[in-house]
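The values are calculated or read from the model by the stated rules, or taken from the named source; none is laboratory data. These numbers were taken from a predicted model, which means no experiment stands behind them. Note that we place each Cβ from the backbone using ideal geometry, even for glycine, and neighbour counts take in every protein chain shown. The protein model used for the area step is the full one, side chains on, heavy atoms only, and it has no ligands, DNA or RNA in it. Shrake-Rupley method; radii C 1.70, N 1.55, O 1.52, S 1.80 Å.
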Amino acid sequence: LILEILDILPGKYTAAIVLLIILIDTGVLLLFNCRKSPNSKSMIGLIMTIAVMIVMNFGSFCLYNTYETFSKISGELVQTESFYVVVKKNSRYSDVKDINGETVGVTENETRTYKEAKGKLVTKCDVKYDAERDLITLGHRIVDEKGKKHDNIIFVSKNSYDMICENIDSFSKKTKVIYKVRVEVKSNNNSRKINVTEDSFNVYITGIDVFGDIDQVSRSDVNMIMTVNPKTKEILLTSIPRDMYVTLHSFGALDKLTHSGIYGVDETINTVEDWMDIDINYYVRLNFSMLVRIVDAIGGVDVKSEYSFKSAVSDYTYEKGMNHLDGKAALYFARERKAFKAEDAQRIKNQQIVLKAIINKVTGSTVLLTNYTQLLNAVEGTMQTDLSNKDISDLVKMQLNDLGKWKITTISVKGTKAYKYTYSMGMKELYVSIPVEKTVKRAKEKVNSVMYPVEDSK
């Protein structure tokens, strides 16, 4: 029943399994009914029966585990976002009840989750809200020693708090968090869903800058469009710099692409769709933990480095040429930028190299079969996607059917360095990457050429 529901095995494998079970059952019956040497034949039949039961139970366990994992990583996904009540460290406030009757600073860019979080806070204490245009202005209100009494309290998301800490010196040392509110965030992405084994599609890969559970809203540190053509077995990886200066979909204002992640994955997807003028059918959210676990699950990957370098944040070193990497080594290879003159541009190349190596190893060998359980364990809790259970099952079944390799190509959108004001951070110029329009145009054309090859248009 589980095998039928999951529908993950190609027909030839399913038929072979059914035939094998029939043959074994027939053999067991013949052994039990054999009149010559009944005791020895019955013993062999009993052993075979026990062996079949063990294999069947193990198979059922694997199928059930697969079904559970697919259910946890796909479909209608729920993320969580945390919001902090932040006060001056030397203030008299130590509990949420202490701010009853006070005015709390907030930001104007009110998302649905922010509005819900503010609603939850007022159920705990009677407060009034006073809005500021941006996070920098809001942050300075609380650390300004000359501020008014009500400037002692602000209410922001965890991501906003982290961004304020990064951009205002000693903010974390001068403040404390006295209360947290958690809000569930459901994806409202209404992108066009298709038949993943017949039609070409785009998957937005967003890598969030955290370890641990995937269900937390965070900045989008890795931004990549994976264009898949199942008929030609071609995959295009289009990378976009995290600091790309783009117009946010919901606010109509310029900001870093990475900042779009603090407003939810839908904001990132809609922003990129507007900017690139393409449809994104699905998304995959993954974090640092997933990369480590996936690479370890498949026995490491071989990557070709353009340079010899040492990681700036770990003890890992890499040689020019081929390197065999375990999970952590692959992570720091993909994250490094300070060791290169091209900085983020080279980091993007290395991210593509690692992802390409993973895809090639999983799809171009028997790893998908031999390391199946390890792969399932690796993605659970570290990945989210709005691909349905059926979509994932169909893709796995398609790959198992032929175990053929995919042609994987890469392209990157380029940007020029600049310092600009951003919507999220307001009146403080931040490092951004201004899109080089000819590379944006080239990326669009490449995406379309993979999705709609010339022979398909005839």
#### Entry: Probe 1.4 Å, protein heavy atoms only - accessible area per residue of the range 372-458 in square angstrom
52
### Task
Could you pull out the pairs from LYS174/LYS338; LYS97/LYS158; LYS193/LYS256; LYS233/LYS328; LYS120/LYS158 whose alpha carbons sit more than 25 Å apart here?
LYS174/LYS338; LYS193/LYS256; LYS233/LYS328
## Note on the structure
In whole Hz, the Karplus estimates of ³J(HN,Hα) for the range 159-172 (6.51, -1.76, 1.60; θ = phi - 60°; x where Gly or Pro) are 5, 5, 4, 4, 5, 5, 4, 6, 10, 10, 4, 6, 4, 5
### Message
Could you give each residue of the range 329-342 its phi-based ³J(HN,Hα) in whole Hz, using Karplus coefficients 6.51, -1.76, 1.60 with θ = phi - 60°, and x for Gly or Pro?
### Response
4, 5, 4, 6, 5, 6, 8, 5, 9, 5, 7, 10, 5, 7
### Task
Any chance you could run the full-extension gain for SER91 through LEU395? It's 0.36 nm times the residue separation minus the Cα-Cα distance, nm to one decimal.
103.8 nm
### Summary
Full extension between LYS304 and LYS115 adds, at 0.36 nm per residue less the Cα distance, a length in nm of 63.3 nm
#### Entry: Sequence of MET322, MET290 from largest to smallest accessible area, 1.4 Å probe
MET322, MET290
### Query
What whole number of Å gives the distance from the Cα centroid of the range 233-255 to the Cα centroid of the range 266-306?
13
### Task
Quote the FRET efficiency, to the nearest 0.05, computed for TYR419 versus SER82 with a Förster distance R0 of 22 Å and r equal to the Cβ-Cβ distance.
0.15
### Message
Over the range 373-429, how many pairs of lysines fall under 26 Å by alpha carbon, counting only those 8 or more apart in sequence or from different chains?
### Response
7
### Summary
Note: the range 329-458, point scatterers on Cα, Debye, no solvent; log10 I/I(0) at q = 0.14, 0.20 Å⁻¹ equals -0.97, -1.32
### Query
Regarding the range 225-305, what is the average projected area of its C-alpha convex hull, in nm²?
7.3
